[in-house]
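Nothing in this text is a laboratory measurement; each read-out follows from the coordinates by a stated rule. Owing to the predicted nature of the structure, the values given are computational and were not obtained by experimental measurement. No Cβ is skipped: glycine too gets one built from the backbone with ideal geometry, and neighbour counts run over all protein chains shown.
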Amino acid sequence: MDWIQRIDVGIVEAFNTLARKSIVFDKIVVMFEANSLLKTGLVVGLLCYSWFSIRDRETTRRLVIRTLLAAFLAVVVARVANRALPARLRPIHDPALQLQLVYGLERDSHEGRSSFPSDHAVLLCTVATGLWSISRRYGIVAFAWTLLAVFAVRVYTGLHYPSDILAGAILGIGIMWLVLRDQRFTPKIVDRLMAIESRSTALFYTTAFFIMWQVATLFAELRNLTWVLATLGTRG
C-alpha cells in the first residue's frame, strides 16, 4: 500500500504549493471548508428542489425518501468506519510532511479525528447518487459541486488525502446503490412515510425540515446531543 501513500502525499504536496499565495483566496477556500451551507447545503437543497420540480412526483418523492434513508445510513457507516479502522493522521497534522498552513485555518483544526474515510465524501456521494437516480442533470450538478467545492477544498487545506475521499465516495455510492436495489425493507418504510405525507402534511414537512437540516450538517447536532446524554448517563 506504499504506492497509495506516495500518490496521496504527491497530490497533497502539489496542492500545498499553492497555499499562502493569496490571503483572499485562502480565506475563501477556508470559508467553503467551514460553511455547511456551501459544503452540503446546496446539494441537500437540490434534493428538496427535486421533490417539487420533477413531473413524475410519485416516483421522484419515493426516490428522495430513499436518498434520505441512505444518507442517514451513510453517516452511521462513516462514523463507525472512522472509529473502527486504524487511525490516520490528517496531512496538516503529519509532522513529516511539513505542509504550509493556508491562511485562516487553525493548525489544530479537526485534530484527534482520523481522516479515513472522509465522512463528507460518504454523505455527499450518497446524496449525489440519489440525485443521479432522480435526474441525470441534477446528479451531474451535485457531483460537480461536490468535487470542486468540497473534495478539492479538503485536499487543498490538508484535511484529507485523496484516498480518504475516494474511499468515502465509493462507500457512499455503494450505500445508495444498495438502498435503491432493496425491495424488501426500504419500500415498506417509504410507503409508511408517503402515507404520513398524505394524512399529516404539516407533521411530515416539519419533520422533513429537521431531517434535511441534520443531513446538511452530517447530523452534527444529533451526534452531539447523543454524546452529551450518554455522558450524563455514565456520570449519573
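Explain nothing, just the number: dipole magnitude of the stretch 162-236 about its Cα centre with +1 on each Lys and Arg Cβ and -1 on each Asp and Glu Cβ, in debye rounded to the nearest 20.
Using Cβ point charges on Lys, Arg, Asp and Glu, the stretch 162-236 gives about 240 debye.
In this rough spin-label picture, where each label sits 7 Å from Cα along the Cβ direction, the residue 6-residue 228 distance is 4.9 nm.
Rank the residues 26, 164, 182 as a footprinting-exposure proxy: fewest other Cβ atoms within 10 Å of their Cβ go first.
Neighbour counts put them in this order, fewest first: 182, 26, 164.
Of all the options 138, 49, 161, the one that moves most in a Gaussian network model of the chain with Cα springs shorter than 10 angstrom is 49.
Taking 0.36 nm per residue of sequence separation and subtracting the Cα-Cα distance, how much length would be gained by fully extending the chain between residue 96 and residue 113, in nm to one decimal?
4.3 nm
Pick out which of 84, 121, 149 has the largest mean-square fluctuation in a Gaussian network model of the chain, springs linking Cα atoms closer than 10 Å. The residue that fluctuates most here is 84. The Rg/Rh ratio for the chain is 1.00, where Rg is the radius of gyration of the alpha carbons and Rh is the Kirkwood radius. Cβ crowding within 10 Å ranks 212, 176, 31, 194 as 31, 194, 212, 176, fewest other Cβ atoms first. For residue 83 and residue 170, the difference between the fully extended length at 0.36 nm per residue and the C-alpha to C-alpha distance is 29.5 nm. Within the stretch 1-98, the trypsin sites (Lys or Arg not before Pro) that combine a DSSP coil assignment with at most 14 other C-beta atoms in a 10 angstrom radius are 20, 21, 55. Modelled spin labels at residue 38 and residue 183, positioned 7 Å past Cα toward Cβ, are 4.5 nm from each other. Each Cα pair of the stretch 146-236 feeds into the Kirkwood radius, which the Stokes-Einstein equation turns, at 10 °C and 1.306 mPa s, into a diffusion coefficient of 95 µm²/s. Rounding to the nearest 10 and keeping the result within 0 to 90°, find how far the Cα-based axis of helix 162-181 lies from the longest principal axis of the chain. With rounding to tens, the tilt is 10 degrees.
Between helix 42-53 and the chain there is an angle of about 20 degrees, using the helix long axis and the longest principal axis of the Cα atoms. Multiplying the residue separation of residue 192 and residue 76 by 0.36 nm and subtracting their alpha-carbon distance yields 39.5 nm.
Neighbour counts of C-beta atoms inside 10 Å place 72, 210, 151 in the sequence 210, 72, 151, starting with the fewest.
Scaling the Cα radius of gyration of the stretch 70-134 by the globular reference 2.2 N^0.38 Å produces a ratio of 1.36.
Report, to the nearest 10°, how far helix 119-134 tilts away from the longest principal axis of the Cα atoms in the chain, using its own Cα long axis and a range of 0 to 90°. The two axes meet at around 40 degrees.
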